[in-house]
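The values are calculated or read from the model by the stated rules, or taken from the named source; none is laboratory data. These numbers were taken from a predicted model, which means no experiment stands behind them. All Cβ positions, even for glycine, are placed from backbone atoms using ideal geometry, and neighbour counts span all protein chains on display.
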Amino acid sequence: MAKKPTQKPQDESRRRFLKYSGTAIGGVVVGGVIGGIIGSSNQKRGEDAEPGETKTPAAESNRDYNQALMFFNQDQFMITEAASERIFPADENGPGAKELGAAFFIDHQMASAYGMNARDYMMPPFYKAEASQGYQLSFKRRELLALGLDALNEYSSDKYKKTFTKLAPEEQDAVLSDFEKDKVNLKGVPASTFFSLLQSLTIEGVYADPLYGGNKNMAGWKMRNYPGNQMSFYDDIEKEEFIKMEPLSLHDHLELG
Amino acid sequence: MATKLPKASVVIVGMGWVGGILAAELTKAGHTVVGLERGKSRATQDYYHVHDELRYASRYELMQDLSKETITFRNTEKMKALPMRSYGSFLLGDGLGGAGVHWNGQYYRFLPYDFEIYSKTVERYGKNKIPKDMTIRDWGITYDQLEPYFVKYEQMAGISGDKTLPPNIGAMSVPFSTGPMKKTPGMKIFEESATKLGYHPYIIPSANLSDNYTNPDGIERASCQYCGYCERFGCEYGAKADPVVTVFPVALKTGKLDLRTHANVTEIMHDGKKASGVRYVNTPTGEEFIQPADVVILAGYVFSNVRLLLTSKLGKPYDPKTDTGAIGRNYAYQVNGASTSAFYEDREFNLAMGAGALGSNIDDFNGDNFDHSDLKFLHGANIRFTQTGLRPIQYQPVPLGTPTWGKDFKQASIHNANRVLAVSGQGASMPNRYHYLDLDPEYKDAFGMPLIRMTFDFEEQDVELVKFIAQKTKEIADGMGATKTEMHDTIRQYNIVPYQSTHNTGGTIMGDDPKTSVVNNYLQMWDAENVFVCGASNFAHNSGYNPTATVGALAYRTAEGIEKYLQKGGSLV
Ligand SMILES: Cc1cc2nc3c(=O)[nH]c(=O)nc-3n(C[C@H](O)[C@H](O)[C@H](O)COP(=O)(O)OP(=O)(O)OC[C@H]3O[C@@H](n4cnc5c(N)ncnc54)[C@H](O)[C@@H]3O)c2cc1C
Ligand code: SF4
């Protein structure tokens, strides 16, 4: 493919960065390795395709093969979609959690080290804690989430004779609110613990880099004018006016082999 | 059976800021140093994909793996201590560079008052001013004695700051290496309001370089790009002073540093009077080694320093009931919670942009820079506006009374994402007889060693400090031309869940009295002359500032002490 000059902001910022830090390259002992990043990234951007041009067949490019389940069953996924949408609903600002793919994000996170509390201290014994001491259950995040999602359905069926996803939005809010306020028994686990996990996962699914499956097309960032992954704000940091820029994700930063 | 290795002149436990500074200074002086670090190696190349809030800020990529080791916590002795199972209140360093990789770089020399807090309080207000269980004491060193060592750290790290500073903070014999950081609109507004009120604002001294800089060791580094991914992240430009891009290249270049990663030290070997070396586990295999040395340095941060002394039974453990012993005494923290948010309906700010140490501040209500005669607390807080780069997962600014989820939450958090400037206080933390560290009787780490147990709470002192400082933040914020301001002035029980700051202090405090302090003013242990313990664990209280300037200065002083000791032996004081 022929090299085409691109006007993407990232190239601009890298050029600026080179200008300001150019003298730092060289010397006997260089603290921050700078040559490497600039060289490789420039090369990457230079050979990049123009928007709209893709190497893969068009029919396949619309599909996101990453949108499939790693942990949830289908019901749990649907409940997560519906519940996260109530936590962060679509409105005049833009898409809600559902359209942003937060439920896929949550599913993928539950299949990851985070869902299994891999980097938490999970050794016994487990005692009842004071609020100031934080989470003290042997139950892992993925277990808690699955238990809570199933309970959302049971509770909805008891109260409204319908499963959670079939409820009207106001009814869904009422159910979630009952969980938030610990009005529901979750096998002894405070329902609010489940609710706050779902709540924080939803926000993460809305705003984490799209590489994790949520924040689809960076639409979460665009709503709040968050610029995402930019190389440098050296020239903008002092400016009085508010600067809106097209966000960039870590995908834009990757040098493909 | 542990394998015994050939003797080194010095062995250092922990390769963060303290370990790195000591390794560089001692190897430059010609000594052979073995550096043991339980975590992995690190390099700037690791951070090319670092602008990832989820991975680094929310999932703590660079921090200690709590599944292997944590601490236990209780507010008072009446409670049962339970493990900190997930991160919250503070974040522990791990791997080459320690927390020095993911710190902000806000740089403050402690105040002259801090080092003589007891004497100066008694002198100005009388003994009765000090509440019954408040165990403030002089540090056994003065600001003037420590001044040359601050300079050393500043030259090495490349601290950026104003040429002239207000008269209410410690005088500097040498100005900062590079000029101040750039000034954002928010910083200007803060400074204007503070000046109008008669206060003395200045730009926060920064270990994020304002300009390219070559330090006395010949290390060249580039200027900060204000990338907004600094606190909790590594710097992909090497612009943030971090041990990995400053002191380690220097130590390694001498050929005298034998740096061993994945080496977790589990014991100080000693005969009660002197140490002979340390025992460590090579974590990939579980194999044990004994590293003999003439000098043993503990540089593993507050919790590790205290824990190793206690598990190795070196020195006298502190007992709050009898108020005797020293190890674990005077644990202190940081008192945050006083702040005012200024909301602007008519404009937005570029708050995603920022740097870890970017901001402006005043010290008019820090230390003893104001009269405490009619106040129910001692010390105070640095009051600041910072622009560290606000990221969307962890920053959800909403006015008080907004629901925490749903339509109104979404609307408010998006509307205000770039419309709030926060003025906040970083409060000093006074020690208390019943705030201390000891070994947990029940919980163990991955090697079967007891975890450290923290007993800590906020006291009346802290409640009053926050109430007072909050009023000052409001006064400043009210003069910043906002549509409305909201003050936060209440602090309750200490809670380990929300992040506050990684400014844990005390436990191996320095002082003049071998009965109540662990080390003398060369950070040499009273009870074992060839053991040096260095870090914020030496602080007898915590100031209204971030700790690392003072930690760094103490490390340079320790290096000098160890050199003297290696020549002459014996007590250095
Ligand atoms: C998010 C964050 C922001 C911060 N911002 C600032 C700031 O703006 N300004 C400021 O002044 N300070 C700040 N700090 C604090 C600063 O990082 C610390 O003061 C500083 O890093 C302490 O240096 P240290 O060498 O004592 O400990 P560390 O940097 O923690 O290094 C200790 C090292 O010892 C190793 N270790 C521990 N135990 C053992 C063992 N048994 N065997 C082998 N190795 C061991 C650890 O793995 C670690 O690498 C911040 C901290 C954090 C976490
Ligand atoms: S803000 Fe500056 S010092 Fe901090 S990581 Fe970004 S470039 Fe480095």
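Sort through B:322, B:311 and tell me the only one that's without any contact (Cβ under 8 Å) to a residue 40 or more places away in the chain and hydroxyl-bearing (Ser, Thr, Tyr).
Exactly one of B:322, B:311 is without any contact (Cβ under 8 Å) to a residue 40 or more places away in the chain and hydroxyl-bearing (Ser, Thr, Tyr), namely B:322.
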ask   = If only one of B:32, B:121, B:44 is within 14 Å of another protein chain (Cβ to nearest Cβ), more than 18 Å from the chain's Cα centre (by Cα) and either at negative phi or not acidic (Asp, Glu) (or both), which one is it?
value = B:44
ask   = So which of B:224, B:230 is near ligand 2 (Cβ under 8 Å from one of its atoms), under 17 Å from residue B:176 (Cα atoms) and either at pLDDT 95 or above or not in a strand (DSSP E or B) (or both)?
value = B:224
inquiry  = Please determine whether any residue of segment B:166-185 is away from ligand 1 (no atom under 16 Å from the Cβ), outside any loop (DSSP other than H, G, I, E, B), touching a residue at least 60 places away in the same chain (Cβ under 8 Å) and charged (D, E, K, R).
reply    = no
query = For segment A:231-247, which residues satisfy the criterion of being out of contact with any helix residue (DSSP H, G or I) (no Cβ under 6 Å at 6 or more places or on another chain) and buried (at least 21 other Cβ atoms within 10 Å of the Cβ)?
reply = A:233, A:237
inquiry  = Condition (residue is farther than 30 Å from residue A:119 by Cβ, of a type in the set (Ser, Thr, Tyr) and surrounded by fewer than 21 Cβ atoms within 10 Å (Cβ to Cβ)) applied to segment B:466-476: is it met by at least one residue?
reply    = no
note = Here, helices (runs of 4 or more DSSP H) confined to segment A:161-248 with at least 3 residues that are of a type in the set (Gly, Ala, Ser) and either within 12 Å of chain B (Cβ to nearest Cβ) or touching a strand residue (DSSP E or B) at 6+ places or on another chain (Cβ under 7 Å) (or both) are A:191-207
ask   = Which residues, taken from segment A:60-97, are among the hydroxyl-bearing types (Ser, Thr, Tyr) and either under 16 Å from the mean Cα position of the chain (by Cα) or within 14 Å of another protein chain (Cβ to nearest Cβ) (or both)?
value = A:80, A:84
key: Hits in segment B:212-268 (condition: away from every other protein chain (no Cβ under 12 Å) and among the acidic types (Asp, Glu))   = B:231, B:258, B:267
message = Quick check on this structure: which one of B:339, B:373, B:360 is polar (S, T, N, Q), touching a His at 6+ places or on another chain (Cβ under 6 Å) and in contact (Cβ under 8 Å) with a residue 60 or more places away in the chain?
response = B:339
key: Selection from segment A:126-137 of residues that are farther than 16 Å from residue B:87 by Cα and more than 7 Å from every other protein chain (Cβ to nearest Cβ)   = A:126, A:128
key: Criterion violated by residue B:112 - all others in (1) within 14 Å of another protein chain (Cβ to nearest Cβ); (2) more than 16 Å from ligand 1 (Cβ to nearest atom); (3) within 22 Å of residue B:539 (Cβ to Cβ) satisfied   = (1)
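Return the residues of segment B:341-365 that are part of a loop (DSSP other than H, G, I, E, B) and within 16 Å of ligand 2 (Cβ to nearest atom); say none if nothing qualifies.
Once the filter is applied, which keeps residues that are part of a loop (DSSP other than H, G, I, E, B) and within 16 Å of ligand 2 (Cβ to nearest atom), segment B:341-365 yields B:350, B:351, B:352, B:353, B:355, B:356, B:357, B:358.
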query = Can you name every residue in segment B:498-538 that is within 14 Å of ligand 1 (Cβ to nearest atom) and more than 28 Å from residue B:457 (Cβ to Cβ)?
reply = B:523, B:532
request  = Test residue B:493 against the criterion of being away from ligand 2 (no atom under 16 Å from the Cβ), of a type in the set (S, T, N, Q) and surrounded by 18 or more Cβ atoms within 10 Å (Cβ to Cβ), and give yes or no.
outcome  = no
task = Could you check how many residues of segment B:407-429 are under 19 Å from residue B:472 (Cβ atoms) and either more than 14 Å from chain A (Cβ to nearest Cβ) or in contact with a helix residue (DSSP H, G or I) (Cβ under 6 Å, 6 or more places away or on another chain) (or both)?
result = 9
request  = Considering each of B:268, B:290, B:297, B:203 in turn, give the residue that is within 16 Å of ligand 2 (Cβ to nearest atom) and either of a type in the set (Val, Ile, Thr) or touching a residue at least 12 places away in the same chain (Cβ under 8 Å) (or both).
outcome  = B:203
inquiry  = Among the residues that make up segment B:258-265, is at least one of them more than 14 Å from ligand 1 (Cβ to nearest atom) and small (Gly, Ala, Ser)?
reply    = no
task = For residue B:204, state whether it is modelled with pLDDT of 95 or more and at the interface with chain A (Cβ under 10 Å from one of its Cβ atoms).
result = no
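When you scan segment B:472-573 for strands (runs of 3 or more DSSP E) that lie fully inside it, which ones turn up with 3 or more residues that are more than 22 Å from residue B:315 (Cβ to Cβ)?
Those strands (runs of 3 or more DSSP E) span B:484-488.
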message = Could you tell me how many of the residues in segment B:197-219 are more than 13 Å from residue B:364 (Cβ to Cβ) and surrounded by fewer than 23 Cβ atoms within 10 Å (Cβ to Cβ)?
response = 9
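For segment B:387-404, indicate whether the set of residues that are among the polar types (S, T, N, Q), touching a Gly at 6+ places or on another chain (Cβ under 9 Å), more than 9 Å from chain A (Cβ to nearest Cβ) and not in a loop (DSSP other than H, G, I, E, B) is non-empty.
Among the residues of segment B:387-404, not one is among the polar types (S, T, N, Q), touching a Gly at 6+ places or on another chain (Cβ under 9 Å), more than 9 Å from chain A (Cβ to nearest Cβ) and not in a loop (DSSP other than H, G, I, E, B), which makes the answer no.
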